[in-house]
Structure formats: C-alpha cells, structure tokens
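Notes to accompany the following structure.
The values are calculated or read from the model by the stated rules, or taken from the named source; none is laboratory data. On a predicted model such as this, the values are computed, not experimentally measured, just so you know. Cβ: placed from backbone, ideal geometry, glycine included. Neighbour counts: every protein chain shown. In case anyone asks, the SASA skips ligands and DNA or RNA and just uses the protein heavy atoms, side chains included. Shrake-Rupley method; radii C 1.70, N 1.55, O 1.52, S 1.80 Å.
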Amino acid sequence: MIRIKHKRKKCIGCGYCEHSDPLMWQMDNSDGKASLIGASVANNIFYIDMPDSEQAYIDRVISVCPINIITVDKLY
Ligand code: SF4
C-alpha cells in the first residue's frame, strides 16, 4: 500500500497533474488549485492510500508537478 500526499496549499494551479491523470486529479475552479479526488486531509496535507499497482501512475504525476508538492510514501 502507498500513500499519495499533496501539499495543496502550495499548489500554483498549473494543471499538469490533471492533464497527466484526470481520474485522480481535478482543478478546482473556486480557488484555481488542484484537488486529489477522494482525498482526506490532515495537517494541511491531502492524502489518499492506494494499492502498489498505482505507483507508475503516481510517479508520472510526481514528475510533472513543477514545484514538487506531490509525494508518495510506502505504507507496508
Ligand atoms: S502539477 Fe502540482 S502545482 Fe500544478 S496543479 Fe498539480 S499539484 Fe498544483
């Protein structure tokens, strides 16, 4: 299991994450930032747990974010 984390507050709204993986990322018109669909939030960090099989998709999104606010942790 992996945990995808998004420091949403720092998002600059470029939209590259949504373009790369629109099933997981969506731009929010109300504030111009990206949202990780279905995420929970703790300490201002949005997160969602996914199976290891999603790693390749996440790596692609991580690589397109210009300010490196998307990270992934290995849970177990
Ligand atoms: S790629 Fe990064 S900075 Fe750009 S909208 Fe997505 S989370 Fe925000």
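Here the chain has 53 percent of its accessible surface on carbon and sulfur atoms, given a 1.4 Å probe and all protein chains in place. Per residue, the solvent-accessible area of the chain (1.4 Å probe, heavy atoms of protein chains only, all protein chains present) comes to 62 Å².
Projecting the Cα atoms of Pro51, Gln26, Cys11 onto the charge dipole of the chain (Cβ charges, centred on the Cα centre) puts Cys11 farthest toward the positive pole. For the range 56-66, backbone phi angles converted through the Karplus equation (6.51, -1.76, 1.60; θ = phi - 60°) give residue-by-residue couplings of 4, 5, 5, 4, 5, 5, 4, 6, 8, 6, x Hz, Gly and Pro being listed as x. Secondary-structure-derived ellipticity at 222 nm for the chain, considering helices only, amounts to -5000 deg cm²/dmol, per-run term -39500 (n - 2.57) for DSSP H runs with n ≥ 4. Lys and Arg at +1, Asp and Glu at -1: add these up for the other residues within a Cβ distance under 13 Å of Val64 and post the number. That works out to -2.
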